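Here the structure is laid out as C-alpha cells; the discussion comes afterwards.
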Amino acid sequence: MLEAVLYEWLSAANHGLTMAPGLLHGAYACLKHHGSDELRERYLPKIATGEWLATMCLTEAHAGSDLGQVRTRAVPQADGSFRVSGGKIFISGGEHDLTPNIVHLVLCRLPDAPAGPKGLSLVLVPKVLPDGARNAVHCERIEEKMGLHGSPPCSMRFDEATGWLVGEPGRGLAAMFVMMNASRLHVALQGIGLLDAAWQKADAYAAEHRQMRAPGAVPASRGSEAADLIAEHPAIRRILDTQRAWIDGARTLAYRSALMLDVAAHDADPKAREHAQRWCSLVTPVLKAACTQQAFHGASECLQVFGGHGYVREWGIEQVVRDARVTMIYEGTNEIQAIDLLVRKVLPDGGAGMSALLLELRDTLDASREADADVQRRLA
C-alpha cells in the first residue's frame, strides 16, 4: 500500500522517468515466486535495490495483446540455459545506460510447444551475462511515441541470446500473472497521478488569470480589476470540481485495492485472504479502465481551462494529455479489461462474486450515511 502511494506521486511528478523503475516491483515478484534458487540469488538483490532495471518483453509486431501468437523461440542447451531468438516491440527501457545491466523477462516458445497461450514459457535474458560478456540482445530502434518522451520504448531483437527458464515450461503466462493485479493497479495509479497533476495546473491557472465577467460574481470581489478570475466562472468550476471528485474517489478505491493486495498476500486468516482476492479480481480491471480513461479525458478538460495557452508547451498541460493517453492501452487495453471482468471474473460463478461485492459496498455506504446522520443529530 505504501508503494502504491509513492508510485502515484512519482507518476504525477514525471510519468516518463517513473517508467524506468516501474517494472521492478513486478519483476521481483515474478522471480521470487517462480525463479530458481540460482536466479533468485543472482538477480533479486540487484533488482530490489534498483542497481539493475528490468523489462517485460511480451508483445510482437504481429501479435499486439494476443500473446497466444508470440513466435519468439527458446532452444534448450546442454548446460541448462536457453538460446532465445525473435523480436519484441514496445519494450519500455529496452536499452539505456542508466544501469550497467538490464534484466529482460522474455515470453517465448520452446521447441514442440503447442500453439496458443498454453505453449508459452518465460525466460530471463540479461543484457550482460554473469561472466561480464555482452549478450546477443539488440535495440533495433527507439519507437517514436505520442507522449512519454522521457521513456525509451524499444524494438528489441534477440539473436540466440543466452537466458534461463523462469518457472515451468509452458507456464510462462502463469509466471507473469503473479504480478498482473499489481501491474494493473499501478497503471490505475498512473491515471490518478496524471489527472491530479492536470487538475493542480488548471486550478492554479484558474485562480490567477482573469477573463470576462463571471455570471453571479460579486462585483466587490473584482475590485479594480476589469475581469473576474477564471475560477469564478461556473463552467470552469464544473470542470475543476468534476476532476477533483474523480481524483479523490479513485484514490480511495485504489488505496483500498492496494491494501487488499497486501491482505491477500500476507493475512493469516484464509477467509480474509479469499475476501481480499475477490475484491482485487473484480475491482482492479474496473480501476485500470476507469482511472486511465478519466486521466486522458479529464486532463483534456483541464487543458480547456487554459484556453489557447493549454495547447502550447510552456504551461505543461499538453504533456499530461499526451502522456495519459497510453495508459488506456498498455497493461491490457481498457476493452480487454472489460472482457476480463465479464468473461473471467463475473460469468464463471454466475455473478455471485460481483453481487456479493456490490452488497458489501451498499452496506458500507448505508453505514457511512447513518454515521454521518448521527454526527449531524449530535451537532444539532
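You will find that of ARG251, ARG238, ARG273, the residue that is of a type in the set (D, E, K, R) and within 26 Å of VAL326 (Cβ to Cβ) is ARG251 and no other.
For the stretch 92-108, indicate whether the set of residues that are without any contact (Cβ under 8 Å) to a residue 12 or more places away in the chain and either out of contact with any Asp or Glu (no Cβ under 7 Å at 6 or more places or on another chain) or not hydroxyl-bearing (Ser, Thr, Tyr) (or both) is non-empty. Yes, the stretch 92-108 has at least one match. As for the stretch 66-89, it holds at least one residue that is among the aromatic types (Phe, Trp, Tyr), more than 28 Å from GLY16 (Cβ to Cβ), surrounded by 17 or more Cβ atoms within 10 Å (Cβ to Cβ) and outside the structural domain of ASP340 (by TED's automatic domain parsing). The set of residues in the stretch 152-172 being outside any strand (DSSP E or B) and crowded, with 20+ Cβ neighbours inside 10 Å consists of PRO152, GLY167, GLY172. When you scan the stretch 344-351, do you find a residue that is surrounded by 12 or more Cβ atoms within 10 Å (Cβ to Cβ) and among the aliphatic types (A, V, I, L, M), even just one? Yes, that holds for at least one residue. Candidates in the stretch 108-147 are the residues that are over 23 Å from the mean Cα position of the chain (by Cα) and among the charged types (D, E, K, R); of these, the one that is surrounded by the most Cβ atoms within 10 Å (Cβ to Cβ) is LYS127.
Of the numbered criteria (1) in the same structural domain as GLY249 (by TED's automatic domain parsing); (2) within 21 Å of THR292 (Cα to Cα); (3) exposed (fewer than 15 other Cβ atoms within 10 Å of the Cβ), the one TRP199 fails is (3).
When the helices (runs of 4 or more DSSP H) confined to the stretch 176-266 are screened for residues that are within 27 Å of GLY310 (Cβ to Cβ), in contact with a helix residue (DSSP H, G or I) (Cβ under 6 Å, 6 or more places away or on another chain) and touching a residue at least 40 places away in the same chain (Cβ under 8 Å), those reaching at least 2 such residues are found at 180-206, 234-266.
Would you confirm, using the coordinates I've provided, whether VAL320 is in contact (Cβ under 8 Å) with a residue 12 or more places away in the chain, in the same structural domain as ALA188 (by TED's automatic domain parsing), in contact with a Cys (Cβ under 8 Å, 6 or more places away or on another chain) and assigned to a helix (DSSP H, G or I)? Criteria met by VAL320.
With the structure loaded, tell me whether CYS302 is in contact with an Asp or Glu (Cβ under 9 Å, 6 or more places away or on another chain) and not assigned by TED's automatic domain parsing to the domain that holds THR55 or whether it fails that test. Please lay out each step first, then the result.
Details: in contact with an Asp or Glu (Cβ under 9 Å, 6 or more places away or on another chain): yes; not assigned by TED's automatic domain parsing to the domain that holds THR55: yes.
Answer is yes for this residue.
The values are calculated or read from the model by the stated rules, or taken from the named source; none is laboratory data. What you are looking at is a predicted structure, and each value in this text was computed from that prediction instead of being measured. When we count neighbours, we look across all protein chains shown, and the Cβ atoms used for this are built from the backbone with ideal geometry, even at glycine.
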